[in-house]
Amino acid sequence: MEHHEIEKLLPAFFEGTLDLEERERVEQWKAVSEENRQVFADSLTAWEGIEQLRLMRKYDPGKAIGQVNSRIESRSKLRILVVFQKVAAILLLPLLVATLYFATQKTSQKELPLTWHTLETPAGMRSEFILPDSTRVYLNSKTRLRYPLVFSNNIREVELTGEAYFEVAENKKVPFIVNTGRVNIEVTGTEFLATNYLHEDVTEIVLVEGNINLFQGNYSAGRRDIVQLKPGQKALLKEGDKRMVTSHVDVEKYLAWKDGILMFRDDSMPEVVRRLNRWFNVDIQLTGSALKNYVYTATFEDESLIQVLDLLKISAPIDYTIKQREIKTDKTFSKMEIEIKQK
């Protein structure tokens, strides 16, 4: 597929609306060269700027460009603005329609039907987003956040699959609810991390500051309160467990990913593997029960997967084997598989 045709697919890729075949074509194109990966990253930055425009009730060009520029200060502005124009050309019409819709509304906010939107971060990527109430959200790799384009007057509710860090805009009259499926989170204004990858069968909530209430069921009716967390505490609920476990943790290591840092602090080898799989979008398997007893402490920022694995070999008596990737029927390659075993 030609380069410019791939670029046309990128906005729908970030929206999460491409079919499986088209998504794999984009992933394959991205893996070809560093130049393609740079175009992908620049397009994601531009798309996030466009998303800010989607949420504005009145289109203010000065404010809009200011928001986009603030996101790209550390990069080549000229290059990204060119990409921004390409993405904007694809999304401009629905943006103008939404702008006219909000500008001409005569009814009050509470009378508007909720229109939901899904934001998805691709594998191996991380992104930052601002919700309609000014809550800032950092999304980790393979994370999906569903939210209404306009919150109601009595509740601010979002749905999360994956991992996200929330800096919730304070509003004591309108609670902010994060629905993770098995556990729901209620806050009015605070900072916390929520993790709920379905394939990992683990739900984690780490509170940085403020207070949060954890409950199950519907917020308005039939809710069952579980626990109230204090700053520095983590709540953990594993698949099959009936009770949630709370503990005091090193908050820093749980938040490092949003700054592009992979941090381990006395983590077990299964936990290390779980996070490496998420970070690099690979499939690492442990062979041998003895490996579960090893703990690992390290901090990585720019290291590649191979560099990380080699450093693991230095600190523990392990070795690893990379399995040859297979070509699937649609001509794309299978995910990289790695086996870690004891020497």
Seminar exercise, completed: Taking region 324-343 and the residues there that are in a strand (DSSP E or B) and in contact (Cβ under 8 Å) with a residue 24 or more places away in the chain, the one that is surrounded by the most Cβ atoms within 10 Å (Cβ to Cβ) would be Ile340
Problem set entry | Residue, most open to solvent (accessible area, probe 1.4 Å), within region 270-283, restricted to residues that are of a type outside the set (S, T, N, Q) and outside any helix (DSSP H, G or I) | Asp283
For this session: Confirm whether Lys172 is outside any strand (DSSP E or B), open to solvent by 20 Å² or more (accessible area, probe 1.4 Å), of a type outside the set (Gly, Ala, Ser) and more than 30 Å from Tyr294 (Cα to Cα).
Result: yes
Exercise. Has region 176-183 got at least one residue that is buried (at least 18 other Cβ atoms within 10 Å of the Cβ), out of contact with any Asp or Glu (no Cβ under 9 Å at 6 or more places or on another chain) and closer than 15 Å to Ile226 by Cβ?
Worked result: yes
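Yes/no per residue for (1) closer than 16 Å to Ile185 by Cα; (2) touching a Gly at 6+ places or on another chain (Cβ under 8 Å); (3) at pLDDT 95 or above:
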residue: Ile205; (1), (2), (3): yes, no, yes
residue: Glu209; (1), (2), (3): yes, no, no
residue: Tyr219; (1), (2), (3): yes, no, no
residue: Arg223; (1), (2), (3): yes, yes, no
residue: Gln228; (1), (2), (3): yes, no, no
residue: Gln233; (1), (2), (3): yes, no, yes
residue: Val245; (1), (2), (3): yes, no, no
residue: Leu255; (1), (2), (3): no, no, no
For this session: Kindly check whether there is at least one residue in region 254-269 that is in a loop (DSSP other than H, G, I, E, B) and in contact with a strand residue (DSSP E or B) (Cβ under 7 Å, 6 or more places away or on another chain).
Result: yes
For this session: Evaluate the following for Val227: is it open to solvent by 30 Å² or more (accessible area, probe 1.4 Å), within 24 Å of the chain's Cα centre (by Cα) and farther than 24 Å from Leu305 by Cα?
Result: no
Exercise. Would you pick out the residues in region 300-310 that are surrounded by 13 or more Cβ atoms within 10 Å (Cβ to Cβ) and closer than 15 Å to Ile261 by Cβ?
Worked result: Phe300, Glu303, Val308
Problem set entry | Thr321 being of a type in the set (Val, Ile, Thr), free of Cβ contacts under 8 Å to residues at least 24 places away in the same chain, under 17 Å from Lys341 (Cβ atoms) and open to solvent by 20 Å² or more (accessible area, probe 1.4 Å) | yes
Problem set entry | Criterion: assigned to a strand (DSSP E or B) and surrounded by fewer than 22 Cβ atoms within 10 Å (Cβ to Cβ) - qualifying residue of Phe192, Phe215 | Phe215
Seminar exercise, completed: In region 3-37, residues that are touching a helix residue (DSSP H, G or I) at 6+ places or on another chain (Cβ under 8 Å), β-branched (Val, Ile, Thr) and over 20 Å from Thr118 (Cα atoms) total 1
Problem set entry | Residues that are touching a residue at least 40 places away in the same chain (Cβ under 8 Å) and crowded, with 19+ Cβ neighbours inside 10 Å, drawn from region 230-250 | Ala235, Leu237
Exercise. Restricting the search to region 151-161, which residues are surrounded by fewer than 21 Cβ atoms within 10 Å (Cβ to Cβ) and free of Cβ contacts under 8 Å to residues at least 60 places away in the same chain?
Worked result: Phe151, Ser152, Asn153, Asn154, Glu159, Thr161
Problem set entry | So Leu286, is it open to solvent by less than 60 Å² (accessible area, probe 1.4 Å), at pLDDT 90 or above and assigned to a helix (DSSP H, G or I) | no
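The values are calculated or read from the model by the stated rules, or taken from the named source; none is laboratory data. Fair warning: this is a prediction, and the values are worked out from it, not measured in the lab. Every residue, glycine among them, receives a Cβ derived from its backbone with ideal geometry; neighbour counts consider all protein chains shown. Heavy atoms of the whole protein, side chains included, go into the accessibility calculation; ligands, DNA and RNA do not. Shrake-Rupley method; radii C 1.70, N 1.55, O 1.52, S 1.80 Å.
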